[in-house]
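Trainee: Handing you this structure, nothing more for now.
FYI, it's all coordinate maths here, none of it is from the lab. Keep in mind that this is a model prediction, so the values were computed, not measured. Ideal geometry is used to build each Cβ from the backbone, glycine not excepted, and the neighbour counts take in all protein chains shown.
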Amino acid sequence: MADTKKKIVHVVGTGTVGEPLIGILATFRQQFGIDEVTFHKRTPLLTDRSKVLALNRNGAKLCVDKERWENFKQMGMEPAYEANEAIDRANVVIDCTPVGNENKEKHYNRFANNGRGFIAQGSEYGFGKMYARGINDRALDPKTDQFLQVVSCNTHNLAVLIDTLALGPEKENNLEEGRFVCMRRANDLSQEGEFIPAPEVGKHEDKRFGTHQGRDAYYVFKTLGLDLDIYSSALKINTQYMHTIHFDLKLRRPVGMDEVMRRFKANGRIALTNKKSAASVFSFGRDHGLFGRILNQTVIATNTLALKGDREVVGMCFTPQDGNSLLSSIAATLWFLDPASYEKRLEVLKPYFFSEI
């Protein structure tokens with residue numbers, strides 16, 4: 001059973017999202033009010049030993065499946081807890097695997113009435129209420145929300161564009177329709193497989209929303225009682241740097257470019273850039289970010305912004321490589337631990353929000 005005296009966060013998976021998330025939680029655990037960070041790794045690999053030992057040195061504790069305990073030890077990785085014990089001890093469990101829904105059925109549901117919080121990542125549709133930090137925080141309910149799905153990094157991008165330009169400071173629906181083309185990187189720098197030699201177009205598998213990015217953005221706003229017209233397309237391009245999004249927002253009321261820029265500048269979750277290359281923006285994050293990430297929800301390429309007529313805003317932007325979903329995962333974790341103080345505890349990360357890149 002979760003330790004009522006200690007605040008323990010357990011991360012399942014050490015991949016593209018899991019590894020930096022464990023590192024950030026361990027690095028700032030005192031400021032976050034966390035007593036212990038544990039993480040589960042499924043497969044013992046010599047190639048991953050350096051990663052595990054680095055996380056250990058940062059204060060995070062390794063947890064493994066019982067039947068693989070000795071294999072990890074033989075490879076020089078010392079487990080602290082068995083996998084199910086780690087879930088049992090934790091106050092919050094963050095699943096960073098592509099099988100979050102499967103794990104929910106196998107492991108997490110049996111803790112459904114024990115006061116724990118469970119978080120999954122963007123690919124796990126149906127895991128719980130969809131969440132993007134700064135967009136639908138007011139929809140979170142401590143009495144009913146035990147399972148949250150942090151939406152994908154591109155969905156964060158769509159959501160902050162709609163929130164800033166179409167909803168505006170009044171937070172009312174001024175969106176006639178939003179159309180997005182998500183040009184996704186082929187894979188992450190940390191991944192050795194799945195790179196592609198040329199651009200690869202994707203299907204519109206959802207009749208109403210096109211791709212999951214539009215669908216998930218819709219359901220983020222649905223938690224606020226909004227019914228928005230959102231449609232997205234997606235393709236992969238042969239790069240490892242950053243996702244790029246083309247957006248076209250048709251509004252119900254006229255807007256000027258001065259107002260567009262004012263709204264972008266006033267939103268602390270948005271960075272502006274005069275750079276035209278994703279490589280340059282990515283490099284900035286590598287040099288100045290947290291674990292190589294900037295935590296803004298989007299980076300607007302200001303030289304691409306245009307008005308078509310007086311009610312249609314067109315432009316392009318870059319999606320920070322998992323930085324926005326990492327921040328939402330941390331925010332959701334701290335919200336589960338204490339809904340009253342989570343925003344205050346997040347302030348330690350403000351240096352990794354940039355107004356200009």
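Trainee: For Cα pairs less than 8 Å apart in space and 6+ apart in sequence, what is the mean separation divided by the residue count of the chain, i.e. the relative contact order in percent?
Mentor: Relative contact order of the chain: 16 percent.
Trainee: List the GluC sites (Glu not before Pro) in the stretch 167-250 that DSSP assigns to loop (not H, G, I, E or B) and whose Cβ has at most 16 other Cβ atoms within 10 Å. Which are they?
Mentor: GLU170, GLU172, GLU192, GLU194, GLU205
Trainee: Collect residues whose amide H, placed 1.01 Å from N in the peptide plane, falls under 5 Å from the amide H of LYS61; neighbours closer than 5 in sequence don't count.
Mentor: VAL37, THR38, PHE39
Trainee: Among all the aspartates and glutamates, which ones have a C-alpha under 17 Å from LYS66's C-alpha, if same-chain residues fewer than 8 places away are not counted?
Mentor: Partners found: GLU78, GLU82, GLU85, ASP88.
Trainee: Sticking with this structure for a sec: Let me have the relative contact order for the stretch 153-321, percent, based on Cα pairs under 8 Å that are six or more residues apart.
Mentor: Working: 336 pairs, mean separation 45.9, N = 169.
Computed over the stretch 153-321, the figure is 27 percent.
Trainee: Identify the chymotrypsin sites (Phe, Trp or Tyr not before Pro) of the stretch 118-154 meeting these criteria: DSSP loop state and at most 13 other C-beta atoms within 10 Å of the C-beta.
Mentor: Loop-located and lightly packed - none at all.
Trainee: Next question. Quick one: Debye curve from the C-alpha atoms of the stretch 153-321, no solvent, what's log10 I(q)/I(0) at q = 0.08, 0.14, 0.15 Å⁻¹?
Mentor: Rounded to two decimals, the profile gives -0.23, -0.72, -0.83.
Trainee: In whole Hz, what ³J(HN,Hα) sequence does the stretch 228-244 give by Karplus (6.51, -1.76, 1.60; θ = phi - 60°), x for Gly and Pro?
Mentor: Working through the residues one at a time gives 9, 8, 10, 9, 10, 10, 8, 8, 9, 10, 7, 9, 10, 7, 9, 6, 10 Hz.
Trainee: Next question, about the same structure. For the stretch 310-321, in order, what is each residue's ³J(HN,Hα) by Karplus, 6.51 cos²θ - 1.76 cosθ + 1.60 with θ = phi - 60°, in whole Hz (x at glycine and Pro)?
Mentor: Couplings: 10, 10, 10, 9, 10, x, 10, 8, 10, 9, x, 5 Hz.
Trainee: Over the Cα atoms of the stretch 1-119, what radius of gyration and what Dmax do you get, in Å?
Mentor: Taking only Cα atoms of the stretch 1-119, I get Rg and Dmax of 13.4, 39 Å.
Trainee: Something else about it: Determine the distance separating the Cα centre of the stretch 98-165 from the Cα centre of the stretch 189-257; give it in Å without decimals.
Mentor: Centre-to-centre distance over Cα atoms comes out at 18 Å.
Trainee: Using a 10 Å cut-off on Cβ atoms, rank the peptides 134-142, 245-253 from the highest mean neighbour count down.
Mentor: 245-253, 134-142
Trainee: Whole-Hz ³J(HN,Hα) for each residue in the stretch 280-293, computed from phi via Karplus 6.51 cos²θ - 1.76 cosθ + 1.60 with θ = phi - 60°, x for glycine and proline: what do you get?
Mentor: These are the phi-based 3J(HN,Hα) values: 5, 5, 4, 4, 4, x, 4, 7, 10, x, 9, 6, x, 10 Hz.
Trainee: Hey, another quick one. Between their Cα atoms, which of LYS5/LYS350; LYS7/LYS41; LYS203/LYS236; LYS104/LYS129; LYS41/LYS106; LYS265/LYS350 are more than 19 Å away from each other?
Mentor: Over 19 Å Cα-Cα: LYS5/LYS350; LYS7/LYS41.
Trainee: Next up: Rounded, prolate or oblate: which fits the chain, taking a ≥ b ≥ c as square roots of the Cα gyration tensor eigenvalues, rounded meaning a/c under 1.5, else prolate when a/b beats b/c?
Mentor: It is prolate, given that a/c is not under 1.5 and a/b is the larger ratio.
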